[in-house]
Amino acid sequence: MRIAVSIFCLMSFLAGCTEVLRQPNFNLDEVENPEAEVIYQVTGYDITPAVVSRANKSPFIRYVNIGGNGVGPVRNVPESALFSGAKPPSNKRPDYVIGVGDTVVVNRSGYSVNADGIRTRQAANNSYLVNEEGAVDLLEGRSVVIEGLTISEAKMAIRSALRTTISSEAATFSPIEFPVAKPPEYRLGNGDIIRVSRLIETTDKDGVLTQSVQTSKSVIGSNGVVSVLQLGEVEAAGLTLSEVRDRVLQEAIRNAGGIDTVVEIQSFVSQTALVTGDLGTRVIQLTDQPLTYDRLIAQFNPSFVGDRDYRVTLERAGQTYQMSAKSIVMGGHSGPYYVFDDDRIILTEMLPTSDVQLNVTNFGARSLTYLRVTDNDAALAQQGKAVPFDLRGIDLRGLLIAQGIDVTQNEDLLIRLNRANKTYNLSAQSTVLNNPGKRYWLAPDDHVVVEDIAYVGTNALLVGEIGLPRQLPINQHSRTTLSQALFDGGAFSAAEADFRHVYVLRGEGLKYDAYHFDITQVLNLGLAEDFELRPGDIMFVRTRPISRYTRALTAALTFVNAIDVGITNSRTFGR
């Protein structure tokens, strides 16, 4: 087998290098197809700020070992491959679902009507254990299944079971809207008192004109007639005030008593409405100012706190209508509704059913399991545990923090979330540190496993005129640079190193980029300080004008790729 290096785009910087690795001694007879030629493609770049900037954009790919479980070989894959695949739903907190073993407290308040028809307020507070049938046995003798229900669903189920039957009227209440009519005009009737004021003019014997105002009060009698002083009887029943005023004025003119006459209603007696019911009984006197039902109800100061309400029954002209007081007072209807003479109104409190509040006080039904797996430090190992749920729910970040998981920027942890026969692989760094706005809410019966990641060392290789080849660890966050590696690797202490020719090879397989630095130039020294290394980079330093550059380069590439073949020079480059 022969190894060849094909150099592309190499400028004058590829002037030479000395052999830095001894040629391995292999038995080519044992190599399959030993005459096959492997060609490495190397593209060279003279270093410039733009080249450094482009090189620094290369991804910092960390590799990890997977496999090695006794079934197959260990494989090196990019770290990101561990976290590929679908992710669980995020940012939606699930409702707690009640289960067997939970303890719930039922708070009940409301009204009830006993056998004597007496209305009483109820208040009760009882604890119940969800039994094996998933039910709670209420003190009232009812058994209600609430397993698998949310808090609000369980509350509705218990409320329905505890519903108190009030009166048949309230239970069967069906609204019939009041008639919508124009405002009624007041018509006088028996008992109403009118006041008549007249301007009277008299002339004495000396011809002097005197004016005076005469006022009289008159009650409309049962015959519908009102007797007005000096004018006689005037028909008034069933007439409006303006109509009565016209008649009085006509009588005044007829009697030559003056045209300036004022007619007023002093007392309203004839028109009334009767209100009775749970808020008391009262006769409402109607006036010439129309009264609406919302103002009428407000006079009785009803309470609409919580679910309290009243049924308003109107009996008018042989017809019956009914609406809720709250709907009349609060609006939302086609009114206004006016009160008419002889209306009969009944206000009946509509007793609300028992109000039920439900809380879970002891969470014994729902949990998830958590396990920490480590091969590095026995002190980090944790015994598997069950983590119970409560109304707050559990999100993955909160679980990891509560379990003391220590996540660093340099090394990640693998989270395996097993749910309903599916496995989601997540990054602890991403979950805890990098995405504060995303929360993975966990579900009952989830199984969470936190594992160490078997990282392949993140190293760069330093070879050339610096003594023995060595691996230098590099950090993805502090981003080790070329100049740091040369100093830490002792390259500058090598007397025979030619720092006009420092090379960084970057690539994989058979393709590499070669970056050439002349460290003797101040600018390049600064660029070397800016040049970030990546895992697998090869740095080598030559010694003098080379005639064996290809052999040194091939040795470095072969060393990195672990090619178990002999090295045969295919080309010689000289200055």
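The values are calculated or read from the model by the stated rules, or taken from the named source; none is laboratory data. Everything quoted here is computed from the prediction, not taken from an experiment. Quick reminder, even Gly has a Cβ in these numbers, built from the backbone with ideal geometry, and neighbours come from all protein chains shown. We work out accessible area using only protein heavy atoms, side chains counted, and drop any ligands, DNA or RNA first. Shrake-Rupley method; radii C 1.70, N 1.55, O 1.52, S 1.80 Å.
Numbers at a glance
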{"item": "Matching strands (runs of 3 or more DSSP E) fully within segment 194-296 where at least 2 residues are modelled with pLDDT of 75 or more and of a type in the set (Val, Ile, Thr)", "result": "209-219, 225-228, 261-267, 272-277, 282-285"}
{"item": "Long-range neighbours under 9 Å by Cβ, at least six apart or interchain, first residue of a type in the set (Ser, Thr, Tyr) within segment 387-409, second open to solvent by less than 30 Å² (accessible area, probe 1.4 Å)", "result": "Thr408/Gln429"}
{"item": "Residues of segment 155-174 satisfying the condition of being outside any helix (DSSP H, G or I), at pLDDT 50 or above and of a type in the set (Ser, Thr, Tyr)", "result": "Thr172, Ser174"}
{"item": "Scope segment 128-151; condition open to solvent by 70 Å² or more (accessible area, probe 1.4 Å) and within 18 Å of Asp355 (Cβ to Cβ); matching residues", "result": "Leu139, Glu140, Arg142"}
{"item": "Filtered residues of segment 327-339 (kept if of a type outside the set (Val, Ile, Thr), open to solvent by less than 60 Å² (accessible area, probe 1.4 Å), in a loop (DSSP other than H, G, I, E, B) and touching a residue at least 40 places away in the same chain (Cβ under 8 Å))", "result": "Gly335, Tyr337"}
{"item": "Residue ID - modelled with the lowest pLDDT, chosen from residues in segment 364-401 that are small (Gly, Ala, Ser) and either part of a strand (DSSP E or B) or open to solvent by less than 80 Å² (accessible area, probe 1.4 Å) (or both)", "result": "Ala381"}
{"item": "Strands (runs of 3 or more DSSP E) wholly inside segment 408-526 that include at least 2 residues being at negative phi and exposed (fewer than 15 other Cβ atoms within 10 Å of the Cβ)", "result": "422-427, 470-473"}
{"item": "Enumeration of residues in segment 259-280 that are farther than 26 Å from Arg316 by Cα and either among the hydroxyl-bearing types (Ser, Thr, Tyr) or surrounded by fewer than 17 Cβ atoms within 10 Å (Cβ to Cβ) (or both)", "result": "Ile259, Asp260, Thr261, Val262, Glu264, Gln266"}
{"item": "Boolean, Ala420 is of a type in the set (Gly, Ala, Ser), under 29 Å from Ser152 (Cα atoms) and in contact with a Lys or Arg (Cβ under 7 Å, 6 or more places away or on another chain)", "result": "no"}
